[in-house]
1. Please compute the modelled spin-label separation between residue 318 and residue 20, points set 7 Å along Cα→Cβ, answer in nm with one decimal.
2. Using the Cα atoms as the points, what is the convex hull volume per residue of segment 179-369 in Å³?
3. Can you sort 1, 276 from fewest to most other Cβ atoms within 10 Å of each residue's own Cβ?
4. Around residue 163, under 12 Å between beta carbons, what's the net of Lys plus Arg minus Asp minus Glu among the other residues?
5. Quote the relative contact order of the chain in percent (integer), defining contacts as alpha-carbon pairs under 8 Å separated by 6+ residues.
6. Among the listed pairs 156/176; 81/166; 147/167, which are separated by more than 18 Å between their Cα atoms?
7. Counting DSSP beta bridges in the chain, what percent are antiparallel, to the nearest 5?
8. Give the long-range amide H neighbours of residue 170: residues separated by 5 or more places, or on another chain, with amide H under 5 Å away, using H modelled in the peptide plane at 1.01 Å from N.
Amino acid sequence: MIERLHLDLRRTVDESYDILIGHGLFEHIPVDLKISPLGNKYAIITDSEIRDLYGWKLLENLEGEGIKACLIDFPAGEESKNLDMVGYLVRRLLENRIDRKSAIIALGGGVVGDLGGFTASVFMRGIPYVQVPTTLMAQVDSSIGGKTAVDTSEGKNIIGAFYQPKKVYIDPSLLKTLPEREFISGLAEVVKYGVICDQSLFKYLEENRDKIKNREKDTLLHIVKASCRIKKEVVEEDPKEENKRAILNYGHTPAHALERISGYKCLHGDAVSVGMMVSGGISVRKGFWNEDEWNRQNRLLESLGLPLKMDFKVSVEDLIEALHYDKKAEGGAIMFVLPRRIGEMALVNGKYKIPVSESELRTFLRSILL
């Protein structure tokens, strides 16, 4: 005789959090955490470059407010985003007496945010964390939405979790120390938002290119706020990427393949820029998008200093092979999100992810890349 026991775990989970944006916000983080504490102690996780720029300063400010904290850093770069580094961070957390009642502050760019967030998700089965992004890429995109992950030799972000931060502190004034090439690279994500969701943002980028590249204070604040608003609204509608959130991956399917081919040595934004050129071209060839608008996108990317081709040789066959490692591949087909017009993405049978067969890809890529 079989006895059935039903374990009922239906519940409502509130994962809401605030995204605070403003010049000079960095200095106010300790006071905010003192007023609304998340843990009995904070571990600042950062990389070897941000440590000296902002890490020691944040630690000093936290301790100045009587808040217990420690600082843990790792070598800067995408090469550090792996499981071995997670193990290293866990050991350092334990050495510093971080426990289940503590919290993590991920201070840095996308790699730091991914590593810090993923480590928070698995350390002692999950502890709170906050994001303090210091790059344009992280401020407008990766710090929001709870995607955390590490890379493997097979592909980018293969091992990860949806794990939302408790708060995001975005201070555009931190971008003043960002190297020029990394700042320009981050603009690829801002262009992406214009293409997928906001025609007015796209036009603003076209009309304010020089102010943006000069990092004028009000202009920077405008594009950061506009990007965060779009990311917030899309994630609210589809937190686990069941459908709509996939549009945030515009250009990222070929971008991740290009990064894999490069050995993760190219800038993410550069790969995304080329990926948008490729994905847009596929959309044109499948009849979803107007070629004039595709060219308009490409002109904007170039005018901001972003590339339309990588600075290393990429063969069609190598790119197709790398595309099959993408997390969005389904049933042997590569899934793309494709523009219908600037500010709107194509839908097929109510789905934003559109399959492109290998034979189609081969034909399209030869015409786009060669």
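1. For residue 20 paired with residue 318, the spin-label model returns 4.6 nm.
2. Values: hull volume 21.5 nm³, N = 191.
Hull volume over Cα atoms, normalised by residue count, gives 113 Å³.
3. Least crowded to most crowded, the residues run 1, 276.
4. Numbers: positive: 125, 147, 166, 240; negative: 15, 114.
Net of charged neighbours comes to +2.
5. Dividing the mean separation by the residue count of the chain yields 14 percent.
6. Those over the limit are 156/176; 81/166.
7. Numbers: 12 of 33 bridges.
If I count the DSSP bridges inside the chain, around 35 percent turn out antiparallel.
8. The answer is 20, 21, 22.
Quick note: the coordinates plus some simple rules give every number you see, no bench work behind them. All of these numbers come straight from a predicted model, not from anything done at the bench. Positions of Cβ are generated from backbone atoms using ideal geometry, with glycine treated the same way; all protein chains shown enter the neighbour counts.
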